[in-house]
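Undergrad: Input: one structure, supplied below.
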Amino acid sequence: MNERILLVEDEEALSVPLGDRLRREGYLVQVAADGETGYEQALAGPFDLILLDIMLPKKSGLDVCRDLRQRAISTPILMLTARTQTDDKVLGLRLGADDYLAKPFDQAELLARMEALLRRSLTPHVNAEAIHQIGGLRVDLRRAEVFRDGQKVPLSAREFQLLQYFIEHTGALVTREELLREVWDYKASTSTRTVDVHVGWLRQKLEDDPKHPKLIVTSIGMGYRFTG
């Protein structure tokens, strides 16, 4: 296994036993107790996954997530939060987080979420056509890079995986449940709001007019269609 995990959590009652559990599972774990330290460690990296609490001293998890994405750090981020308000969860996803888990959580569920994120981000993808030119977009599946009009577009790991799935199914209707199953590795009962948030964020980064998208089109009540 040996994947490198950065755990940014200020509560020792959680970080110590969780870090021990992750190490027993074979992960290489580095712990930061505040947002500023976590941010600097994430930049220094590399890590395969970041577990990031929202409520942190010195720098909030939301700010850490936002700033990492602005620095084009695409490492998958799983946010840990005691907050239950939907707005906080949606904000985290909009800032570039790949998933979130509310406290208190079962460690087995956390491990399952981690494995899903790692499987998607670490598994090499074999595709005969590695580079796709879509109007002003250039998508390199092999290098996991996207350029828009010659400028690199910073995408989170989950955003890139979602875009890749759309490209591979250009012209086809894909339902939210299908995307949750194939991109998130979740059961269909997981909230489809997660999909909508990530699609909205992709549109903000890729569409000329995100409010009137032409690339990722909504099929009302059904799902999405990537026009290519």
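The rows are residues; the columns are (1) surrounded by fewer than 16 Cβ atoms within 10 Å (Cβ to Cβ); (2) over 17 Å from the mean Cα position of the chain (by Cα); (3) among the hydrophobic types (A, V, I, L, M, F, W, C).
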position: 24; (1), (2), (3): yes, yes, no
position: 35; (1), (2), (3): no, yes, no
position: 48; (1), (2), (3): no, no, no
position: 60; (1), (2), (3): yes, yes, no
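Undergrad: Among the residues of region 1-58, write down those that are hydroxyl-bearing (Ser, Thr, Tyr) and assigned to a strand (DSSP E or B).
TA: Residues of region 1-58 that are hydroxyl-bearing (Ser, Thr, Tyr), as a first pass: 15, 27, 37, 39.
Result: no residue meets the conditions.
Undergrad: Considering only region 200-224, state which residues are surrounded by 18 or more Cβ atoms within 10 Å (Cβ to Cβ) and out of contact with any Lys or Arg (no Cβ under 9 Å at 6 or more places or on another chain). Working first, answer last.
TA: So in region 200-224, the residues surrounded by 18 or more Cβ atoms within 10 Å (Cβ to Cβ) come out as 201-203, 206, 213, 215-216, 223-224.
Scanning region 200-224 gives a single hit, 202.
Undergrad: Given 202, 141, 206, which one is closer than 23 Å to residue 68 by Cβ and touching a His at 6+ places or on another chain (Cβ under 9 Å)?
TA: Values: 202 fails: touching a His at 6+ places or on another chain (Cβ under 9 Å); 206 fails: touching a His at 6+ places or on another chain (Cβ under 9 Å).
Answer to the selection: 141.
Undergrad: Among the residues that make up region 99-113, is at least one of them over 25 Å from residue 31 (Cβ atoms) and either modelled with pLDDT of 80 or more or more than 19 Å from the chain's Cα centre (by Cα) (or both)?
TA: In the first step, residues of region 99-113 are kept if they are over 25 Å from residue 31 (Cβ atoms); the result is none.
The answer is no; no qualifying residue exists.
The values are calculated or read from the model by the stated rules, or taken from the named source; none is laboratory data. Because the structure is predicted, anything quoted here is derived from the model rather than measured. Quick reminder, even Gly has a Cβ in these numbers, built from the backbone with ideal geometry, and neighbours come from all protein chains shown.
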